[in-house]
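Read the structure below first, then the notes.
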């Protein structure tokens, strides 16, 4: 199973998370501060659970520091549920977030969904509306210029592009990207799409159109 790093300054929560995830056979390393994280070989982990509200260097700043060092999913653990905070975390390279307090089944489902998605084997490339998707590398580019997407953002773009011309609900997108048994909040999709649009501005924009009250569609023609 997977090696998971969980970072939180609440020792009781660390114990609880370890017990929950070890039931699924995962190997869990639990640390209580960003100082301890800096001592670890982060490439050894398949997923990181990162508390936002920590003394000293908080979870957002720690994510900024380590994002270029790790390629694995990062899930924020946070009591902050405001849109600005969520957008900030996703913009710094986070893939998802769990609102505190969360249940055992919720964290198990979210972690396992991200691990399954991250381990999907993809071997080909495809091109839609001038955008080229390298499925193995999980990379999207246009005219040779790479768009700096997180894995979650890339997966959303790939799913919409593969179904270009169709209108897909937030729930459909969330289930495809994070897994059918994930018990998260599909509102995270809107946050990711906002980040995708900002990052794609340098490529002339991206043809993801909001269909109000339903979800999103990848238009046949570029915006």
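The values are calculated or read from the model by the stated rules, or taken from the named source; none is laboratory data. Worth saying up front: this structure is predicted, and the values here are computed from it rather than measured. Here the Cβ positions follow ideal geometry from the backbone for every residue, glycine too, while neighbour counts run over all protein chains shown.
Surrounded by 15 or more Cβ atoms within 10 Å (Cβ to Cβ) and either in contact (Cβ under 8 Å) with a residue 40 or more places away in the chain or part of a helix (DSSP H, G or I) (or both): is that true of residue 84 in this structure? No; evaluated as a whole, the condition is false for this residue. Put simply, of 129, 169 the only residue that is modelled with pLDDT of 90 or more, farther than 30 Å from residue 3 by Cβ and not assigned by TED's automatic domain parsing to the domain that holds residue 100 is 169. Please verify whether residue 113 is in the same structural domain as residue 22 (by TED's automatic domain parsing), within 30 Å of residue 15 (Cβ to Cβ) and either surrounded by fewer than 17 Cβ atoms within 10 Å (Cβ to Cβ) or at pLDDT 90 or above (or both), treating the condition exactly as stated. When the stated conditions are applied, residue 113 does not pass them. When 62, 13, 21, 40 are checked against the criterion of being in the same structural domain as residue 111 (by TED's automatic domain parsing), outside any helix (DSSP H, G or I) and surrounded by 14 or more Cβ atoms within 10 Å (Cβ to Cβ), a single residue qualifies: 40. Considering every residue within the stretch 188-198, establish whether at least one is more than 15 Å from the chain's Cα centre (by Cα) and modelled with pLDDT of 90 or more. Within the stretch 188-198, one or more residues are more than 15 Å from the chain's Cα centre (by Cα) and modelled with pLDDT of 90 or more. All conditions but one from (1) farther than 19 Å from residue 192 by Cβ; (2) in contact with a strand residue (DSSP E or B) (Cβ under 6 Å, 6 or more places away or on another chain); (3) not assigned by TED's automatic domain parsing to the domain that holds residue 7 apply to residue 51; the one that does not is (3). Does residue 220 satisfy the condition of being at pLDDT below 90 and over 21 Å from residue 75 (Cβ atoms)? Yes.
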